[in-house]
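The numbers here are math on the coordinates, done by the rules we state, and not lab data. These figures come from a predicted structure and were not determined experimentally. All Cβ positions, glycine included, derive from the backbone under ideal geometry; neighbour counts span all protein chains shown.
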Amino acid sequence: MGRWLTLAVLTLLIASPAGAQTAPRKFGRGLAGMTTSVLEVPGNIVAESRARGYGEGIPLGFAKGLGMIIPRTLVGVWEFVSAPFPLPAGYEPILSPEFPWSYFESGRTETPMTPKRSKRHP
């Protein structure tokens with residue numbers, strides 16, 4: 001039994017094109033969803049604070065994060081178990097963001113507290 005499990009894991013970890021949706025990436029996404037779903041709480045706080053400001057973002061993000069822990073875990077289990085099969089089509093992620101820590105990776109340099117330029121003063 002252990003030999004088959006090792007063979008299955010090694011098969012899934014074969015190198016693939018970077019960034020492509022593949023079986024190993026889906027396997028890793030599932031493992032990440034099962035083990036790091038608690039990152040939904042701080043991640044949603046960050047996302048909502050960026051979108052709405054800290055006053056609304058912290059309590060709303062906290063509530064949304066708590067509500068997303070169980071779905072992230074269950075989807076992680078599904079993706080982990082179904083990694084060898086292209087479901088949904090092309091191994092596309094079910095949840096967005098793809099990984100729980102993706103909330104913290106943003107190309108945005110603005111924060112809700114950054115003053116915005118007015119139209120009067122360029």
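Couple of notes before you dig in:
- Where labels lie 7 Å past Cα in the beta-carbon direction, separation of Glu105 and Leu74 in nm: 2.7 nm
- Pair-distance distribution P(r) for segment 20-60, from all Cα-Cα distances in 5 Å bins starting at 0: 6, 23, 17, 13, 14, 14, 9, 3, 0 percent.
- Distance (nanometres) between label positions extended 7 Å along Cα→Cβ at Glu98 and Thr36: 1.3 nm
- Descending by average beta-carbon neighbour count within 10 Å, the peptides 38-46, 88-96, 75-83, 53-61 line up as 38-46, 75-83, 53-61, 88-96, the highest first.
- Counting Lys and Arg as +1 and Asp and Glu as -1 over every other residue whose Cβ lies under 12 Å from the Cβ of Arg72, the net charge comes to -1.
- Viscosity 1.002 mPa s, temperature 20 °C, Stokes-Einstein D of segment 21-104 from Kirkwood C-alpha radius, µm²/s: 166 µm²/s
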